[in-house]
Structures are given as C-alpha cells and as structure tokens.
1. Which value in deg cm²/dmol, rounded to the nearest 500, describes the helix-derived mean residue ellipticity at 222 nm for the chain, given -39,500 (n - 2.57) per DSSP H run of n ≥ 4 and division by the residue count?
2. Per residue and in Å³, how big is the convex hull formed by the alpha-carbon atoms of the range 139-289?
3. Could you give me the percent of Cα pairs per 20 Å distance bin for the chain, shortest bin first, beginning at zero and ending with the bin that holds the maximum distance?
4. Compare the Cα positions of Ala173, Ala146, Val188 along the charge dipole of the range 138-236 (+1 at Cβ of Lys, Arg; -1 at Cβ of Asp, Glu; about the Cα centre) and return the one farthest towards the positive end.
5. Cβ neighbours within 10 Å, averaged per peptide: list 186-199, 102-115 in order, most packed at the top.
6. Tell me which DSSP H helices of the chain clear both cut-offs, 24 Å or more of axial length from alpha-carbon atoms and a mean Kyte-Doolittle hydropathy of at least 0.5.
7. Based on other C-beta atoms within 10 Å, arrange Lys83, Lys159 from fewest to most.
8. Taking the DSSP beta bridges in the chain as the whole, what percent of them are antiparallel, to the nearest 5?
Amino acid sequence: MRHLLGVDDLDATTATEILDDAERFEQALLGREVRKLPTLRGRTVMTVFYENSTRTRVSFEVAGKWMSADVINVSASSSSAGKGESLRDTAKTLHAAGADALIVRHPASGAAHQIARWTSEEGPGPSVINAGDGTHEHPTQALLDALTLRQRLGTLEGKRIGIVGDVLHSRVARSNAHLLSTLGATVVLVAPPTLLPVGVEQWPVLVEHHLDAALPALDAVMMLRVQAERMNGGFFPSAREYSIRYGLNDRRLALLPDEAIVLHPGPMLRGMEIGFSVADSPRATVLQQVTNGVHVRMAVLFRLLVGTDGEVG
Ligand code: CP
C-alpha cells in the first residue's frame, strides 16, 4: 500500500490489520516514561494543511514524533501558497525537500489524489495520506471511529450505526458509511432530504429522516457537525429547526438502547447537533476517538512507510 487516499484503498482485511496495529502501538507505549519508538527514525513526515484542524494535524504530529520521525508542519497561511504558489508546485517542492510522507488537508475534493499523481510524475514519490479533501473523504477519521466502535461494542459485525445530520457536506460521513459497512455494520443515515448527497442511493446504507424513530434500534450514533463553511451563507432547515429535529439532547439520548454509545468526530457545536450534557456523558466517546486517532495514524504511517513485515517498535 503506497498511499491512503480514501477508504476504497481498504478492504476488510487491511482495515482490520490497521486497527490491530493501532492497538499494538497503544500497548507498546503503555506505561513508558518516554513515549518514543524507533520505528520511523530517519524518515521525514510533512503535514500540509490548507484548512483548519486541531485533532487531525496534532494527532499526525504526535504519531510521527512518537515513532521518531522528523515531522514538519506546513500551513497554507504561512507558506508560499499565500504568495500564489500552486498546489502542484508546493507538493513538488515538499517532495524535493525530502518528504517521505505528505499528509494533506485541502478544501478541494480530490486534492490528495492529485498530489499523489503529481509527486509520482518523475518516479516514486512520497506516500500521500488524505487528511480530509473537501466533502469527499477523511479515511483516517473513519479508521479511528471504527477502532472506537470495535473497542466499545466488541465488534462491528451486525451492529447498527446511525450517522446523523449534515451528510451532504461531510467527508466523515462518506468515509464512515463505506468503511463501517465494509467491516460488517449496517449504517443508517439520518438526515433531512436537503442534507443528503445526490447518488446516496448507491451508498451501502439505509436512509431515515426521523431521528426519534431511528434511535431505539441503534447500537451507536455518530453526530455530524453542521459544515456552515461549505454552505454559502445558509441552509435548510434553519439552524434552530436543525437543532430541534436533529440535535441529540437528553430526551433523545434516553431513546437509545442502554448500551448504545455516542460518537462525534469533532469539533462539536454544543447546543446545535449535540447537547452540552450529552457531549459530556460517559456514553460519549469523543476523547477516546481522539486518543485512538493517534494510534491509528501511527499504524497508517507504519504500513505506508515500513510495510507489513516491520516491527512496531
Ligand atoms: N475530526 C477532525 O477532522 O477534526 P479536526 O478538523 O480538528 O482535524
């Protein structure tokens, strides 16, 4: 496996191996005073973010550093992209500067795929990891969500997972819908018709419009952030109506089965798609997802830069 551009790159076996490796990394680091493994010593990992991020950028940086890679963070605002340099020239420049891996977030769907093509034009280029491209994909988010679900539910096989809210603009929803169904779950999208993408009937999912009706049958519910930055100034239903119809409040939490859990990829808009007390409830896995994100990203870097025969540390 050379790149991780989307969940299409992951069959059930590969995805499961990555989740297993993530848990091996977690175990390898457990109880260590110095969290440093030699796995990527001498390798250079660059994060290239053209959109804001807290969780993804930081967890890739922590993952690289815990594996002894040299990690360099490039942000669009402080790089020569701000002077008008093209994405192609920036990508080729970072390759020429010695990147073994480029971790890319960009507002344009397909940007990571393009970078993988451009940096391979004159021979083998760096491994490219898609850290979120427009409304398209966020594969490492889906992997860390799958790991969290597996840890909390025991398995994904036969489980019913709801993904609720602004599916239309959500790369998290797209990657999760496909990966979770590859891993044996039944995925139920719960959204107003205006916030579902064209072609959703080709996705491996069920579709519901009424959250109250969907909740009692779910093993887990994943609440999506309303992606106002991709909506050109307005959306239907209105923010107030959205919160009333699709927000997970205390009353709705009680409609879930007792063992069901609540995921959110973050950042959360408390009071919009998720209530304040729901976000802080023991059934919410938000911070476990963040911790799992570090270990999953270690496992992805390991697979791309070392291969499946290497030792984790
Ligand atoms: N879930 C996620 O991608 O969060 P960030 O935007 O903070 O990276």
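1. Numbers: 11 runs with 115 residues, N = 313.
So the helix-based figure for the chain works out to -11000 deg cm²/dmol.
2. Working: hull volume 15.0 nm³, N = 151.
Each residue corresponds to 99 Å³ of Cα convex hull volume.
3. The calculated distribution, bin by bin, is 34, 57, 10.
4. After comparing all options, I get Ala146.
5. Details: 186-199: 17.7, 102-115: 21.9.
The packing order, highest mean first, is 102-115, 186-199.
6. Values: long enough: 12-29 (26 Å, -0.31); 286-305 (28 Å, 0.95).
Counting only whole DSSP H runs, the qualifying helices are 286-305.
7. Details: Lys83 6, Lys159 20.
Least to most surrounded, the residues fall as Lys83, Lys159.
8. Details: 1 of 36 bridges.
The antiparallel fraction comes to roughly 5 percent.
Values quoted throughout were computed directly from the atomic coordinates according to the rules given, and no laboratory measurement underlies them. What you see is a predicted model, and the numbers here were worked out from it, not measured in a lab. We place every Cβ from the backbone using ideal geometry, glycine too, and count neighbours over all the protein chains shown.
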